[in-house]
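Below is one structure, written out as C-alpha cells, with a few remarks after it.
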Amino acid sequence: MSIEYGLKDFDKKYRSYHQARWDEPIIFQLSQPGERGILLPEAEPEVAAAGSRIISDLGPMARKSPPNLPEISQMRVLKHYLHLSQENLGADETVDIGQGTCTMKYSPKINDRLANLPDLADVHPRQDESTVQGSLEIIYKTEQMLKAVSGLDRFCLQAGGGSQALLVIATIVRAWVDEQGLADKKDEIITTIFSHPSNPACAAIKGFKLITVYPDEEGRPDFEAMKAAVSDRTAAFLVTNPEDLGIYNSRIREFTQMVHDVGGLCSYDQANANALLGIARARESGFDLCFFNIHKTFSAPHGCGGPGCGAVGVRENLVKYLPAPLVSYDEEKDRYFLDYESPSKISRIKDFYGVLPAITRGYAWMKALGPHWLREVSRVAVLNNNYMFKKIMAMRGVGAPYASGEFRMEQVRYSMQKLKDETGISVSEFINRMFDYGMHLWTSHEPWLVPEPFTVEPTESYSKAEMDEYLAVLEQVLKECYETPEVVKHAPHKSAVHHTDHDILEDPKRWAITWRAYRKKYKGYFEPR
Amino acid sequence: MNSFESHPYIPNSVPSVQEEMLREIGAKSVDEFFKCIPDDIKYHEALQMSEPTLSEAGLRRHVEEIASKNRSVNRVLSFLGGGCWNHYVPASCDEINGRSEFLTAYAGDPYEDHGRFQALFEYESLMAELLEMDVVNVPTYDGSQAAGTALRMACRITDRHRVLVPELAGPERLKIIETYLHPQIEVVRVKADPAALTLDLNDLRSKLDDSVAAVFLENPTFLGVIEPSGGEIAELAHGKGALLVVWADPSSLGVLTPPSCYGADIACGDIQPLGVRMHFGGGRGGYIASKDEKKFVSEFPSRLFGISATTHGEWGFGDVAWERTSFASREAAKEFVGTAAALWGITAGVYLATMGPKGMADLGTGILQRSAYLSRQMAQIPGVKIAATAPFFKEFPVTFQGRSVSDINMELLSRGIYGGHDLSSNYPTLQNSALYCVNETMTKADMDTLTKALSEIMKGAGGSLQ
C-alpha cells in the first residue's frame, strides 16, 4: 500500500508534494471575439434616448476604438483564475512559518464571512451617520482594544498597511516639528538597520535626514552608537523591539529616555508585537507613538500584499496630529460619529476611514480571544519559536548570530553561511528547494547584515506536529545540499513553473510590464506556446 | 472565566503539549522566555478589554448584531458617489478574491506564487489596454495615494518642485496630495470656469512656467464633469517642459478617451469601480500608468511585475527593476512600498476580463444614459438646477434653491433614499448643492422615484420626518 500522507501512521516526516500545474495561458490568449463574460441591465428606451445626445456631444473625449480587452465567456474566465489560484501557495495551504517578520497566522474563516456581510460590505462612506453606526462601532471598539494593548491614548485606523502607517508617523513628526518652528533645527531621524525599510523611506519622504544605528555584538541596537547619533537635531527615533533577530532590547527605556532628553519623539514599529500582547506595552517602554499591523498580529489575511491595516497610536499630546477623521462616541446620544474636530495638522492621509474588511477581522479576532487568550497568543508564539530555535540550531550548516545562549522572542534570523561555505549552495538556491516539499522560506530584508539569512516565525497558529513537519523538510533539504547538491541547485522541480530568467527584468530594452509592452517588444519572440 | 483549556486558534495551548515542548527546549516555564523584559516594562495586569466571545456561533451573532445597525445601499435607493461608487460587482470577483490561495498568500517567490504573479501581471496588462499605456503598477493604497505618487514621480522626472492642481478637484484628494507632497513640493491651485466647472485655461496659462513639474487634471472630475480640453492642456504643459498627470475613473474608459490619447504622461486613479465592494470606503486601490521609458519606470515606487520565460519554456514572472524599491534601497529608494492593495488588483483583473471590451463600453454608455436622464428629469423640478453646463459622466452637481442639502437629504432618508453628497461645506461656490450619482443598474423607476420625492420635497408637500 502506498500512501504518501498520514504522516504519523507511516512515520513519514514530510510529504511528497507537487503543486498544481495548469500551464495556464496569458488571459489575452483566451480571447474569442464575440464571447461575453457578463451582461449589464439595458437602459429603458426613454433613458437611452436621453443619453444619445450626450454621447454624440463628447467630441474628442469620445473613445475612438474599444479597449483591446479579451472577449471570454464567464466560466472560462473563472476557470483561468481558479487555475491561477491553485498555482499559488496560500497560508491556508502550507505551514507558513518561513516568512518571518510577517506573522503569517491563521485568519479565521468566520471573520471572512463577517467582513463580507452585505451590511458591512455594501455601505457607502458618505451615508448619513445614522445609517453607518455598525461600521463606526467596529472602528471605535477596535481602537479601544488597541489602546489597551499599547497603553497609548488614541488610534487612527486609516492606513492601508504598515508602510502607510509609517508614512502617517513620519507625517506626524513633520507636522509636530514644523508647528514648533523647529524645521531647521530638528531635521534628523534615527532608526536601526533591522527596522523595516519603510521606516527610513517614509522619513526621507517627509524631508528628514536619516541616521542608521547598527547592532552591537549581542544583536541589540548599539548603545554607544545611539548616544553618538542623538543630538538636538533628533526629531524622532523609529525602532522595532524585538527587532527581526528576535532579540529583545532590554535597555529600550534608556534609548527612549535619551531621545526625550533632547526633545525628540519615539515611535515604536510594532510589526513584531506578536511576542508581547498583554506582556509589554508601548507606554511602559517610553514610546510616544506606535503602530500595529492588523493583517499581521491581529490575523487579517495578507491578500497577496494587501489590503491590510496599519493602526497608528499616539499619546494624548499628539492626538491633534492624527489624520482626520477619527471615530468618536457621544455617550449622551449613544451615537458614534466621524470626528473632524481635533485641530488636525496632518489633515488627510487616505481616502475615507480605513480598510474595514481588515479592521472587522481584527476586531472579531480580538473579541474571540479576550485578555487571557491574547496573552496566550504571545506566550505560545514565543514557546513555538524557541522550540523551532532549539531544533534548527542542531542542524548542520545553520547558525544564528548574536546573543548566543539566550532564548529568543517570536522569531529568529538564522544564517546559512556555513552551509554555503561547505557546499557552495546559497540561501537563494536553498529556498527554491524548500518549495518542492510545499514549504516557503524567506531570507531577510536588505541589506543582509546576517549573511545568507533566513527568518522563521512560527506564530501561535501551528501545532507541534506541523512544526515538526517543517523541521523535517528543512533537515531534508540541508541533507540534500551535502549529498545531492545538483537537485537543490536546479530546484524547483515540483512547482507550477521552473527557473525564470530574471536578467530580462532588469533590462529596459527587454522588460515587459504588460502584455501590451510584450507584444510591442517581442513580436513573436520568446513565446513558450 | 475560561472554562476551556485550549483555544481553537492556538493549537499548542494544550498544557501537555506545552510541557513536552518546554522539556525539549530545556526550559522550566514559558515565563523564562520573557526574563529579558525588565520588570518595570512588563505589563502585570490583565488587558483592559471585555471578556471574549469564545464560541464561533456567539461571535457571529455578536458581529452580526453590530453590522445590522448599518443600513446598506441594498436596502435603499442610493445616489451617493464622490470617489466611491456603488457599481455592480460580478459574482466571479467575490469568488476569486475569496479563494484562500489568494486571500491568505503574501510574499512568496515567483515559483510558489506563480498564480499571484501572473494574476497581477494580467491586471497590469488589462488596465494597460483600458488606458492605452504600456506600464501599470501593482496597485497602491488608493487613487489619492496614486495621485500623490504620480506627482512626486513627475517632480523627480523634471527635477522641479511645483505642481498645479484644479481647485475643484476632490477636496479630500487635494488634502491627501498636499499632505503627501509636503515639505519638498509646492501645490498651486488653478481656478475653474464658474459655469462649466472645467479648468480655467487662462488661469492655467498665468500659473504655468518652467518651474512647474506637472499639471494635474481629473477627467471626469470629482464633480463628474468631462474635461473637454485635455489635448490643449497637455500642449500647454509640455510647452513649458511640464508633464500632464491625469486622474481618470476607469469605469469611464469604455466610452471616454483614455488620458494617454490626449497627451497625458502619467495616468492614475482608483480601481474600486472595477469589482471591489465599497466597504464604507475601505475597498480602494490606486493605479499608476506611464509610458515604457526608463526615465518613467525608474521613478515608480510600486512593485512592477514583468513577464519572462523559464528554463522549460513556460511563462515566468518577476519584479522589474527591483533596486528602485524601498525593499532594496531603504531611504535612497523612490518613495516607499509595502503591503497595499494587491487582492483588489487581482479582483479588478477578474472584472476587466469578465467585462471585456463590450462590457466596458456598455458600462460607460449605460452610465452616460442614466446620468443624462436623471439630470434632465431633475432639472424639470422647480427650484432645482444642474450646476454644470459641460457634459458629465456618472455624477453631476445639483443646486437647490432656498433649501439646504442636509434638510433635503433628511427628508429623502425618511423615504428610503440616500440623496447626493452635500458639496456645501467644501465648495464655497456650490452652496445648497449636492453631487448626484447613478450606476449601471438603476432603472427608470428608480430615478423617477427620486425625482418624484424631490418634487414633493421642493414643494414642501411631503417628507415628514416620521
Fill in: Within region A:459-495, considering residues that are part of a loop (DSSP other than H, G, I, E, B) and within 9 Å of another protein chain (Cβ to nearest Cβ), the one surrounded by the most Cβ atoms within 10 Å (Cβ to Cβ)
A:460
Item to complete: Please enumerate the residues belonging to region A:420-433 that are among the hydrophobic types (A, V, I, L, M, F, W, C) and either in contact with a helix residue (DSSP H, G or I) (Cβ under 6 Å, 6 or more places away or on another chain) or more than 30 Å from residue A:460 (Cβ to Cβ) (or both).
Response: A:425
Worksheet item: Cβ-Cβ below 9 Å, separation at least six or inter-chain, first residue in region B:134-148 and at the interface with another protein chain (Cβ under 8 Å from one of its Cβ atoms) and under 17 Å from residue B:119 (Cβ atoms), second β-branched (Val, Ile, Thr) and open to solvent by 10 Å² or more (accessible area, probe 1.4 Å): which pairs?
Response: B:138/B:337
Worksheet item: Is it the case that region B:359-372 has a residue that's acidic (Asp, Glu), closer than 30 Å to residue A:159 by Cα and within 24 Å of the chain's Cα centre (by Cα)?
Response: no
Worksheet item: Taking only pairs six or more apart or across chains, which ones have beta-carbon atoms under 6 Å, a first residue in region A:115-129 that is more than 7 Å from chain B (Cβ to nearest Cβ), and a second residue that is assigned to a helix (DSSP H, G or I)?
Response: A:115/A:357; A:115/A:360; A:115/A:361
Worksheet entry | Tally of residues being open to solvent by 20 Å² or more (accessible area, probe 1.4 Å) and under 23 Å from residue B:84 (Cβ atoms) across region B:174-191 | 2
Worksheet entry | Among (1) crowded, with 24+ Cβ neighbours inside 10 Å; (2) facing chain B (nearest Cβ under 10 Å); (3) part of a loop (DSSP other than H, G, I, E, B); (4) of a type outside the set (Phe, Trp, Tyr) - the single one residue A:163 does not satisfy | (3)
Item to complete: Tell me, please, whether a residue that is at pLDDT 95 or above, small (Gly, Ala, Ser) and under 30 Å from residue A:509 (Cβ atoms) can be found in region B:373-387.
Response: no
Worksheet item: Could you count how many residues in region A:496-524 are β-branched (Val, Ile, Thr), within 28 Å of residue B:130 (Cα to Cα) and either in contact with a Cys (Cβ under 7 Å, 6 or more places away or on another chain) or buried (at least 22 other Cβ atoms within 10 Å of the Cβ) (or both)?
Response: 2
Worksheet item: Among the candidates A:143, A:137, which residue alone is modelled with pLDDT of 95 or more, part of a helix (DSSP H, G or I) and either more than 34 Å from the chain's Cα centre (by Cα) or more than 7 Å from chain B (Cβ to nearest Cβ) (or both)?
Response: A:143
Worksheet entry | Residues (open to solvent by 10 Å² or more (accessible area, probe 1.4 Å) and either part of a strand (DSSP E or B) or of a type in the set (S, T, N, Q) (or both)) located in region B:66-77 | B:68, B:74, B:77
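Matching residues to (1) part of a loop (DSSP other than H, G, I, E, B); (2) closer than 25 Å to residue A:119 by Cβ:
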| site | (1), (2) |
| --- | --- |
| B:39 | yes, no |
| B:64 | no, yes |
| B:84 | yes, yes |
| B:87 | yes, yes |
| B:101 | no, no |
Worksheet entry | Selection count, region A:288-340, where residues are buried (at least 24 other Cβ atoms within 10 Å of the Cβ), β-branched (Val, Ile, Thr) and touching a strand residue (DSSP E or B) at 6+ places or on another chain (Cβ under 9 Å) | 3
Worksheet item: Out of (1) in contact with a Pro (Cβ under 8 Å, 6 or more places away or on another chain); (2) in contact (Cβ under 8 Å) with a residue 60 or more places away in the chain; (3) not aliphatic (A, V, I, L, M), what's the single condition that is false for residue B:88?
Response: (1)
Worksheet, complete the sentence: Across (1) at the interface with chain A (Cβ under 7 Å from one of its Cβ atoms); (2) closer than 30 Å to residue A:439 by Cα; (3) under 44 Å from the mean Cα position of the chain (by Cα), residue B:53 clears everything bar (2)
Worksheet item: Say we look at region A:255-274 and pick out the residues that are more than 17 Å from residue A:192 (Cβ to Cβ) and touching a residue at least 60 places away in the same chain (Cβ under 8 Å); which of these is farthest from the chain's Cα centre (by Cα)?
Response: A:263
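The values are calculated or read from the model by the stated rules, or taken from the named source; none is laboratory data. In this text the structure is predicted, and so the values were computed from the model without any measurement. We place every Cβ from the backbone using ideal geometry, glycine too, and count neighbours over all the protein chains shown. Protein only, heavy atoms only, side chains kept; ligands, DNA and RNA dropped before computing areas. Shrake-Rupley method; radii C 1.70, N 1.55, O 1.52, S 1.80 Å.
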